[in-house]
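A short worksheet on the structure shown next.
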């Protein structure tokens, strides 16, 4: 049958963006009520919203120095491959 074809690694679309915020409830209300982004669900210290198929993850930073640093989560076809 032959050797398997090596497919180059590539990133898919952005699936989620972590946005560190100081006050999750206030930030979630702004994204939901002012910007019209659909609220999905929340837990203490975090909230999730749907921005046209990209999930916004609002969270209070757990470590110093994380404030203002967003994290992008890309979709990949096979995360275990690398």
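Each value in this text was obtained by applying a stated rule to the coordinates, not by laboratory testing. All figures in this text were calculated on a predicted structure; none of them were measured in a lab. No Cβ is skipped: glycine too gets one built from the backbone with ideal geometry, and neighbour counts run over all protein chains shown.
A few points about this structure:
- In terms of other Cβ atoms within 10 Å, 60, 71 run from fewest to most in the order 71, 60.
- The stretch 14-73, relative contact order [Cα under 8 Å, separation at least 6], %: 49
- Classification of the stretch 14-73 by its C-alpha gyration tensor yields an oblate form. The axis ratio a/c (a ≥ b ≥ c) is 1.5 or more, and b/c is at least a/b.
- Spin-label model, residue 72/residue 25: points 7 Å from Cα along the beta carbon direction are separated by 3.3 nm.
- Between residue 46 and residue 60, residue separation times 0.36 nm minus the direct Cα-Cα distance comes to 4.4 nm.
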